[in-house]
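Every number here is computed from the coordinates shown, using simple stated rules; none is lab data. Quick caveat, the model's predicted, so the values are computed rather than measured. When we count neighbours, we look across all protein chains shown, and the Cβ atoms used for this are built from the backbone with ideal geometry, even at glycine.
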Ligand code: SAH
Ligand code: DHB
Ligand code: MG
């Protein structure tokens with residue numbers, strides 16, 4: 001079992017389950033041409049986001065970490081024409097690529113890209129809206145995952161779903177000292193430590209293998225307790 005097989009299986013699942021989609025393909029090509037890092041969710045994980053948003057009937061969605069807007073397109077499509085997605089991106093270059101991709105995908109009218117460090121933008125979002133989020137996707141700098149989770153809980157309605165990407169990091173979550181080049185693993189550990197006693201939230205995490213290697217995601221429901 002190795003990376004080559006994981007990738008081949010992802011490609012097979014993609015081929016069988018996800019209809020060819022020139023918009024998503026173009027979004028990836030545009031991001032690649034602009035030299036954005038290819039760290040967007042895989043197509044099968046994007047489809048998972050889309051399906052979870054649909055299952056939740058989520059209308060108000062928050063994303064932390066836009067990159068070129070690939071996951072944003074999946075979320076916005078899942079939310080449907082009445083949906084509202086706010087996505088936060090620190091890097092103006094990434095945000096510009098995302099805006100173009102969202103426009104070409106025909107979802108720009110339901111997505112607001114907020115440019116800035118998430119921890120600066122989130123207090124603004126709190127002040128600017130009395131609407132609570134139904135779904136939050138956390139996928140930015142992993143070092144701040146505890147803060148992002150606290151903000152997500154605060155900004156979400158009871159019953160809302162929160163999904164955190166990249167919590168396993170090639171197993172680095174077990175021993176962050178073994179992967180000093182990846183401060184993200186420390187972030188995941190801190191997140192799990194926080195959640196191990198946090199009230200008001202009910203969680204699980206699933207490790208995954210695929211074209212992006214060995215990782216995993218955390219899924220949480222806000223209980224409001
Ligand atoms: N969700 C995207 C991938 C996001 S990659 C997708 O799957 O398509 C992570 C993004 O978070 C990068 O674009 C990076 O610039 C951004 N980021 C990193 N630190 C950030 C911060 N403090 N605030 C907001 N965005 C940040
Ligand atoms: C990285 C970030 C991600 O969000 C991801 O899904 C994979 C890798 C990274 O920063 O390396
Ligand atoms: Mg990610």
Checklist entry - What is the distance, in nm, between label points placed 7 Å from the Cα along the Cα-to-Cβ direction at residue 13 and at residue 175? => result 2.8
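Starting from the alpha-carbon convex hull of region 1-64, give the projected area averaged over all orientations, in nm². Walk me through the numbers on the way to the answer.
Values: hull surface 23.9 nm².
In nm², the orientation-averaged hull projection of region 1-64 is 6.0.
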Checklist outcome for this item: Here Rg/Rh (Cα, Kirkwood) for the chain equals 0.94
Checklist entry - Rounded to the nearest 0.05, what FRET efficiency is calculated for residue 132 and residue 34 with R0 set to 25 Å and r the Cβ-Cβ distance? => result 0.15
Item to check | Spacing of the two label points (7 Å from each Cα toward its C-beta) at residue 202 and residue 5, in nm | outcome: 3.6
Next on the checklist: Explain nothing, just the number: relative contact order of the chain, from Cα pairs under 8 Å at least 6 residues apart, as a whole percent.
Outcome noted: 18
Item to check | In Å, descending, principal axis extents of the Cα set of region 92-190 | outcome: 44, 32, 23
Next on the checklist: I'm a student and want to see the number: the projected area of the Cα convex hull of region 163-225, averaged over all directions, in nm².
Outcome noted: 4.2
Item to check | Where labels lie 7 Å past Cα in the beta-carbon direction, separation of residue 143 and residue 93 in nm | outcome: 1.9
Checklist entry - Convex hull over the Cα atoms of region 124-172, averaged projected area in nm²? => result 3.8
Next on the checklist: Order 28-41, 119-132, 141-154, 46-59 from most to least packed using the mean count of other Cβ atoms within 10 Å.
Outcome noted: 141-154, 46-59, 28-41, 119-132
Next on the checklist: If I stretch the segment between residue 104 and residue 154 completely, what's the gain in nm (0.36 nm per residue apart, minus their alpha carbon distance), one decimal?
Outcome noted: 14.7 nm
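Between residue 193 and residue 120, how high is the FRET efficiency from 1/(1 + (r/R0)^6) when r is the Cβ-Cβ distance and R₀ = 30 Å? Nearest 0.05.
Numbers: r = 25 Å, r/R0 = 0.83.
Calculated transfer efficiency: 0.75.
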